[in-house]
1. Roughly what % antiparallel, to the nearest 5, for the DSSP beta bridges in the chain?
2. Given axes a ≥ b ≥ c from the Cα gyration tensor, I'd like to know whether region 67-124 is rounded (a/c under 1.5), prolate (a/b larger than b/c) or oblate.
3. Take every Cα pair under 8 Å in region 296-360 that's 6+ residues apart, average their separations, divide by the length, and report that relative contact order as a whole percent.
4. From the cross-link list LYS52/LYS254; LYS162/LYS196; LYS52/LYS162, which pairs have alpha carbons spaced over 20 Å apart?
5. Hey, got the Cα dimensions of the chain along the principal axes, in Å, largest first?
6. Tell me which lysines have Cα within less than 28 Å of LYS177's Cα, excluding those fewer than 8 residues away on the same chain?
7. Given a cut-off of under 8 Å on Cα pairs at least six residues apart, what relative contact order in percent is computed for the chain?
8. R0 = 41 Å: FRET efficiency of ARG346 with ASP31, Cβ-based, nearest 0.05?
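What follows draws every value from the coordinates through simple rules; no lab data is involved. Please read all numbers here as calculations on a predicted model, not as lab measurements. Every residue, glycine as well, gets a Cβ built from its backbone with ideal geometry; the counts of neighbours run over all protein chains shown.
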Amino acid sequence: MTTTRPRQLHLNVNILHSGFVPSAWRVEEADPRAFIDIDHYVRVARIAEAAKFDAVFLADNASIADQIDFRPITALEPTVLLAGIASATTHIGVIGTASTSYNEPYNIARRFATLDHLSGGRSGWNIVTTADLGSARNFGRDAVPDHAERYERAAEFTDVVKALWDSWEDDAFIGDKASGRFINTAKVHRIEHRGKYFSVDGPLNLPRSAQGHPVLIQAGGSADGRDLASRYAEAVFSASQSFDEAAAYARELKSRAAAFGRGDEAIRVLPGLTTIIGATEADALRRRDELVDLIPWSYSLTRLAGILGVSVERLKLDERLPDDLTLPGGGNGNHTFFRATLAQARSNGYTARQLIRALAGGGGHRVIVGTPEQIADDIEHWFKGGAADGFNLMPDVLPGGLQDFADGVVPLLQQRGIFRIEYEGRTLREHFGLPRPVSGRRYFEARQEAAIA
C-alpha cells in the first residue's frame, strides 16, 4: 500500500542586505557595511539552513535604483555572492536574479549551471525583465524597451537557456581512464537556435548537474509575466496583500500551467512576506513603529511615488492617494508592486502616512506584525487554504529578525506538521518537491516531434 506524502510548506529568505525595513541598518546591532560583507550573507544563510529553509534568495538591479543617501542597496553580483554562500553551507538552496533584458542566454546558462555544479545541485535562476530607465542607460539605451517586447525576449531567452542546459545527456560524461574515453560526444547536442532575438549554436560547455539543471523562478505579476511564469517557472515569487487575492492568483497560475501541458502541480507559489515579531502584539507594533520612525518621511514618500509612478508632489502624507492612478509608464513599469501597494491603500482607506506605516516603510509586499503564534497561524491559514505553497520571507532586520522567526515561528510550524524537521534531500529540486527535468536526446527528440506536429 502506498501513502501520499503530506504537502509541505516551503520557506525562502530574501537577503535584502540589512533587512526589509529601510532603517534596518540603523539599529544598534546592525553593521552599516553588511551590504558588501560576505560574512553577513553567510551568517544569514546559516541561520536559514539551521531552520531547514528551502533556499536563500538574492534580488538584483543593474543600476542604483534606491536613495543611497539613506539606504544600502543590492550591490554585490548575485551569482558570485551565492557561490560563496554555497561553499559555506551544505543543504540550503541558492537562488539569484538575472535579467533577460541586459544579458545573453549563453552567459546566463553557463553562469547558473556553474553555480549548480559548485553547490551540488542547489541553484535557481529568478527570471526578470528590467523596467527602470537607469538600467537601460547603463546598457546604451535611451529608453526602456516596451513591456510586451521585454517579455517576448524573455520567453525566447528562457527557451535558449533551457535548451543549453539540456544539451548534454545525463550519461554523456564517461571519464574512463582505462579506455581513454572522456565524453561521449554522441550525447552532446548542438541546439542550433535561430530566433527573433538570439542566434545560438550550442551546446553548453559543461555537463548537467546533480539536479539536472537549476530551478526556474519568475516574479512577474502582469499578464505577460503570468504567461511567462505558467510556461516556464517552477516557483513564482508573488506579491499579494490579501488571502483571497493570493488564492485567486495561485489558482489562475496553476490553471495556466496545466493548459500548457505542465500539470497543475508544476509551480510552487511563494508570496513575499515581511515579519516583525514581538513577545506580545504590542511589542511587535512598537518594534515596527520604532523602525518606521527611523526612516525620513521624505525618503518614504519618494519611494512610494516611485512605486506608483507619480511625482512626489502629488502625494500628501495625511491625504489618501489620488483617485486617478494608472500603471506606471503607460503600462511599461512594474505592474506587481504598483497593484499590490494600491490594493493595500484602497482596501483600508489609508492616507499616504498610514500606508507607509502599514508597509513598514517598504513597498508592495505583505507585512505581518505580531507574536510567533499569530504569524504561524497566518502562515498555516494561507498554506492550508491554497493561497500559498510557502513564502519568500523578508524579515524586518537581518540577521536578528530571521533568528526570531527561526526560534519562535519555525518550531510551531514543525509541531503542526506542515514544515520539515530535517532535510530529506540535497538539491533545491528535492527541497521543492520538483521532478528532475529530462535531458539530451529525449529533449531534442521531443522538440523535433513538436516541430513536425
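1. Numbers: 7 of 41 bridges.
The antiparallel proportion sits near 15 percent.
2. Details: a/c = 3.02, a/b = 1.28, b/c = 2.35.
Taking the square roots of the gyration eigenvalues as a ≥ b ≥ c, region 67-124 is oblate.
3. Details: 64 pairs, mean separation 23.1, N = 65.
Result for region 296-360 is 36 percent.
4. Numbers: LYS52/LYS254 26 Å; LYS162/LYS196 17 Å; LYS52/LYS162 29 Å.
Distance filter (> 20 Å) returns LYS52/LYS254; LYS52/LYS162.
5. The principal-axis extents, from largest down, are 74, 52, 43 Å.
6. Leaving aside lysines fewer than 8 places away in the same chain, those within reach of LYS177 are LYS187.
7. Numbers: 861 pairs, mean separation 97.4, N = 453.
That works out to 21 percent.
8. Values: r = 38 Å, r/R0 = 0.94.
After rounding, the FRET efficiency stands at 0.60.
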